[in-house]
Amino acid sequence: MPSPTEPLKLNEVGAYGDLIGRPNPDGFVVLSLPPFETLLPFIVRRRGRELTPDEIEAERKRVPSIALTKDAAEQLAAERAKAV
């Protein structure tokens, strides 16, 4: 696992919270896979109650994610939108 001070690399994967906390000199976009908004209802159901904003943010930080270029992130977002 890269150190928290190591710059983010293209196509690097890890927990959202780990990736967004790292230096990002190339301006990569960190996207969760699958989208966090898709996972949230399942997390709520598992907990059996609505989550507080702090709990939602804690869950978001655990979601598997990838570092992409801005163009690749936009293309993936467009593909996701078509699938809905």
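Any read-out appearing in this document is the output of simple, stated calculations on the displayed coordinates, not a laboratory observation. Model, not experiment: these values are computed from the prediction. Quick reminder, even Gly has a Cβ in these numbers, built from the backbone with ideal geometry, and neighbours come from all protein chains shown.
Over the chain, DSSP H runs of length four or greater, each weighted -39,500 (n - 2.57), average out per residue to a 222 nm ellipticity of -14500 deg cm²/dmol.
In a reduced charge model with +1 at each Lys and Arg Cβ and -1 at each Asp and Glu Cβ, the stretch 13-83 shows a dipole moment near 280 debye about its Cα centre. Sparse packing (at most 14 other Cβ atoms within 10 Å of the Cβ) combined with a DSSP loop state is found for the following trypsin sites (Lys or Arg not before Pro) in the chain: 9, 49. I need the calculated FRET efficiency for the pair residue 69 and residue 33, taking r as the beta carbon distance and R₀ as 22 Å, to the nearest 0.05. Plugging the Cβ-Cβ distance into 1/(1 + (r/R0)^6) gives 0.90. Across q = 0.11, 0.21, 0.22, 0.25 Å⁻¹, the stretch 13-83 modelled as identical point scatterers on its alpha-carbon atoms has Debye log10 I(q)/I(0) values of -0.30, -0.93, -0.99, -1.12, in the order of the q list.
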